[in-house]
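See below for the structure under consideration.
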Amino acid sequence: MSSVTAAPPKKVSPPARALPARATSAASVILPLLLLAALFAAPGMVGSYQTHLFVLCLLAVGLAVSYRPLLLANQVSLAHGALYAIGAYTFAILAVDHGVGFWLAVGAGGVVALAASILIGIPSLRTSDAYFFLITFAFSVVLISIIQNSQSLTGGFGGISGIPYPPGVKTEEDFFYLALVVVAVTVAVFMVLDRSRWGLELRGVGSSPQLAEAVGIGRKGTLLLAFGIGAFFAGILGGVYASFIGFIAPQSFNLWLSVSILTSVIVGGVRYIWGGVIGAAFISLVPGWMGLGGTWEAIFGACSVIVVMFVMRRGIVTEAVAFFRRRSAAVGAPVAPVSHVLEPSGGAEEAAAVRQPVTDDVVLDVRSIAKSFGGVHAVRDVSFQLRAGETLGLIGPNGSGKTTTFDLISGFRRPDSGEVLVNGAALPRSPHRVVRSGLARSFQATSVFAELTVFENVLLAVGGQTRRNPVRRLLMPVRRSRRERALAASILAELGLSASAGVVAEDLPYGHKKVLGIAVGLATEPDVLCLDEPATGMTEAEIDHLIAILEHVRAGRRIAIIVIEHRLAVIRTLCDRVVALRAGEVIAVGEAEPVLESKAVAEAFLGGAAND
């Protein structure tokens, strides 16, 4: 990273929480305490059948909460029920065949499930979407088949019986309190994780995996951690279930179990942890109270999903929170109009007058890079340099190799030949490590984390490139990261987005999303900022303000910018030099005006019509 930085911005406090946020925070403490008090009193107020249902409901809640992080990252797994089965069978084998104590056997179930998740997670998380779903489905099918056919170990189709209660637990009412404690601890752990830096990163990965890697978040590592932590608690809950029921068999862990866990989180809503709690309680208790079982229970779950998708698309809890926030007059300061984005920073001309000078320090050195896809040469022998403080335009008609060149520069693709140096060092192999070298990039289609607030977008990017203590990353609430929050607030203030800090990014006007994309890139404190068609889809007024913002950024920082843009007027105004591509090759390079007026560029864009 560059040792030369802009003058420190004036101190800006992180955005204060709005009144409803305080109310929500208070409710998140008070309501669980009231719920726990009601649950502690429940066994004395209901019969044994209802107590039995409540225990199973508690275990369903634990499973939903432990599964939710993976779904929060936009990954659907059908392995959670299988991991639950691993914990149950591990507990049963140790407790029945080897006389191992309850808590040691339960812990062993969690560890074995964790090991299984790592075994299946390392290869499966290299894929995504349907492929990951199918791999976890195959894992579940294979595991149940192994259980059914391992007579000497698992009892085969006959299962394992005589599984003991824990010492001191004699009745279902006693077991209810044990299950309540285990599930309460599970929910508490995931609440801590949800509010941590890792929880924010997980939501970023789910919202935009590519952008998350561009700001320094490793997708595979983040997802594997979510898979592993969820599996550990699923294994523990499986051991508790085996002890409660006293008998387990393969049919106890059929595919519907994994589907019901998924259904619970979808019905309740993924966004908030209480969505998993409410969804699991609904899916597990209502069929029991109605006397539904087997096929009818599955039909009830399927109908619940259909109704929720039509009536409450984001789930019960998510839609309820959104409704009450909309009704609250105190929520959401109005978004600043586009014409005021830069107030009081000044216009492009003023910024250009005080721009940081271009130096001879080469911050990006692209050396003869090439990339082919099959027989198509997307990039061929492209070379150029970018100096500190310089803005370089990368232009060319559609299909000329601009985006592929960007992908090679930013580490999202590996060149077939050639090399890219950032601050004199070779580009790291993993995209999420490139930002540590001092290079950040935006994407044309996904320049923001749509499901996060404006402030969370920038906060996620701040420090994303920094190596962190794993324990602090998992356990320390992100709201206690005062330095990072202050820096995020100062960037928003600099770009005129402070008034929109609490607005969800997908609700921003289009022009503001583009500005937010620049803010996300700046939050990584780069030496090189790569912008992929930042003016696409913008009005002329919005483009004028975008140019003013970029000039303002250059005036306040010694930062090099490389920009892909089809609007040559933007290139002419912003860029010191231009590299023109055609069919993957460099056809012109030099100062902006001569390149833009050259015959080669006119032919590339207009087929030579300009010179006829």
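The values are calculated or read from the model by the stated rules, or taken from the named source; none is laboratory data. Quantities reported herein were computed from a predicted structural model and do not represent experimental measurements. For neighbour counting, all protein chains shown are included, and Cβ atoms are generated from backbone atoms with ideal geometry for every residue, glycine included. Each accessible area value is taken on the protein alone, full model and side chains, heavy atoms only, with ligands, DNA and RNA left out. Shrake-Rupley method; radii C 1.70, N 1.55, O 1.52, S 1.80 Å.
The residue pairs whose first member lies in segment 493-518 and is closer than 14 Å to Ala535 by Cβ and open to solvent by 50 Å² or more (accessible area, probe 1.4 Å), whose second member is among the small types (Gly, Ala, Ser) and part of a helix (DSSP H, G or I), and whose beta carbons are closer than 7 Å, counting only pairs six or more residues apart or on different chains, are Lys513/Ala505.
Counting only strands (runs of 3 or more DSSP E) that fall entirely inside segment 550-609 and contain at least 3 residues that are surrounded by fewer than 21 Cβ atoms within 10 Å (Cβ to Cβ) and in contact with a strand residue (DSSP E or B) (Cβ under 8 Å, 6 or more places away or on another chain), the qualifying elements are 585-591. Filtering Leu104, Leu119 for residues that are modelled with pLDDT of 95 or more, over 23 Å from Ala280 (Cβ atoms) and open to solvent by 50 Å² or more (accessible area, probe 1.4 Å) leaves a single hit, Leu104. Considering segment 32-74, and only residues there that are outside any helix (DSSP H, G or I) and open to solvent by 10 Å² or more (accessible area, probe 1.4 Å), the residue that is nearest to Gly275 (Cα to Cα) turns out to be Asn74.
Of all the residues in segment 408-422, those that are part of a loop (DSSP other than H, G, I, E, B) and open to solvent by 10 Å² or more (accessible area, probe 1.4 Å) number 5.
For segment 102-117, the set of residues classified as touching a residue at least 60 places away in the same chain (Cβ under 8 Å) and farther than 17 Å from Thr186 by Cα consists of Phe102, Ala105, Val112, Ala116, Ser117, listed by residue number.
The set of residues from segment 444-462 being in a loop (DSSP other than H, G, I, E, B) and β-branched (Val, Ile, Thr) comprises Thr446, Val448, Val462. Put simply, of Glu451, Glu456 the only residue that is touching a residue at least 60 places away in the same chain (Cβ under 8 Å), open to solvent by 50 Å² or more (accessible area, probe 1.4 Å) and within 30 Å of Arg271 (Cα to Cα) is Glu451. Restricted to segment 247-275, and to residues there that are over 23 Å from Thr295 (Cα atoms) and touching a Gly at 6+ places or on another chain (Cβ under 7 Å), the residue that is surrounded by the fewest Cβ atoms within 10 Å (Cβ to Cβ) is Val270.
The rows are residues; the columns are (1) acidic (Asp, Glu); (2) modelled with pLDDT under 90; (3) out of contact with any Leu (no Cβ under 7 Å at 6 or more places or on another chain).
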| position | (1), (2), (3) |
| --- | --- |
| Asn398 | no, yes, yes |
| Thr405 | no, no, no |
| Leu408 | no, no, yes |
| Asp416 | yes, no, yes |
| Glu419 | yes, no, yes |
| Arg429 | no, yes, yes |
| His432 | no, yes, yes |
| Arg436 | no, yes, yes |
| Gln444 | no, yes, yes |
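Does Glu297 meet the test of being of a type in the set (Asp, Glu), surrounded by 12 or more Cβ atoms within 10 Å (Cβ to Cβ) and either under 27 Å from the mean Cα position of the chain (by Cα) or in a loop (DSSP other than H, G, I, E, B) (or both)? For Glu297, the condition - of a type in the set (Asp, Glu), surrounded by 12 or more Cβ atoms within 10 Å (Cβ to Cβ) and either under 27 Å from the mean Cα position of the chain (by Cα) or in a loop (DSSP other than H, G, I, E, B) (or both) - is not met.
Is it the case that Glu173 is crowded, with 21+ Cβ neighbours inside 10 Å and of a type in the set (Asp, Glu)? So Glu173 fails the test. When segment 207-225 is limited to residues that are among the hydrophobic types (A, V, I, L, M, F, W, C), within 11 Å of the chain's Cα centre (by Cα) and in a helix (DSSP H, G or I), the one that is farthest from Ala115 (Cα to Cα) turns out to be Leu211. Taking the criterion of being assigned to a loop (DSSP other than H, G, I, E, B) and open to solvent by 20 Å² or more (accessible area, probe 1.4 Å), the residues of segment 428-443 that qualify are Pro428, Arg429, Ser430.
Selection of first residues in segment 398-413 that are closer than 17 Å to Pro526 by Cα and of second residues that are in a helix (DSSP H, G or I) and among the basic types (Lys, Arg), restricted to Cβ pairs under 8 Å at least 6 apart or on distinct chains, gives the following pairs, ordered by first then second residue: Gly411/Arg433.
Scanning segment 276-294 for residues that are closer than 10 Å to Ala64 by Cα and either of a type in the set (Phe, Trp, Tyr) or buried (at least 23 other Cβ atoms within 10 Å of the Cβ) (or both) gives Gly276, Val277, Gly279, Ala280.
Go through the residues of segment 94-112 one by one and say whether even a single one is within 19 Å of Leu255 (Cα to Cα) and aromatic (Phe, Trp, Tyr). So far as segment 94-112 goes, no, none of its residues is within 19 Å of Leu255 (Cα to Cα) and aromatic (Phe, Trp, Tyr). Contact map, segment 245-266: first residue over 17 Å from Tyr89 (Cα atoms), second residue basic (Lys, Arg), Cβ cut-off under 6 Å, separation 6 or more or different chains; pairs are Val265/Arg68.
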